[in-house]
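Quick notes on the structure that follows.
Just so it is clear, none of the values below were taken in a lab; they were calculated from the coordinates. These numbers come from a predicted model, not from an experiment. Cβ placement follows ideal geometry from the backbone for every residue including glycine, while neighbour counts extend to all protein chains displayed.
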């Protein structure tokens, strides 16, 4: 978990709670029930995958792990998810390519990149995304998930 969280002296500014690429502010706000979010977590590093899933469980989520991009695409084909939380650098397929394919399968999917390396800023991805720079805090994780929780709450209100 230390690999994901880092030490307590890490600057919050460096981790960046959202680093939004859509202009959407990531200020903490209510209005969504993040507990019900269906989150697919993808990372080829098993320790990071387990740590991220543990962090999500600590904040009341029920994440589904995938140890490769191919496994994630199979899961996306059969299950409905609200959030794709993926590493950027993976051996079988990059996280950005996975996100492109996932977005084509499920255009409403919220994409969050998590990596110790920066997500290429100049890359035109063609979908909304945000990024968490590892190490990140539980609060950064909560804040990054808020837009998906708000969107889900809005869909539920529309369905009611």
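With bins 5 Å wide beginning at 0, the percent of Cα pairs of segment 31-159 falling in each bin runs 2, 11, 23, 25, 22, 12, 3, 1, 0. The order of the peptides 100-108, 61-69, 76-84 by mean Cβ neighbours within 10 Å, most packed first, is 61-69, 76-84, 100-108.
Summarising the label geometry, the points placed 7 Å from Cα in the beta-carbon direction at residue 70 and residue 156 lie 3.7 nm from one another. Report the residues of segment 67-107 in range of a label on residue 57: point 7 Å along Cα→C-beta, backbone N strictly under 19 Å from it. So the set is 67-68, 85-86.
Under 19 Å from a point 7 Å along the Cα-to-Cβ line of residue 97: which residues of segment 35-56 have their amide N that close? Within reach of a label on residue 97, which here means backbone N under 19 Å from a point 7 Å along Cα→Cβ, segment 35-56 contributes 42-45.
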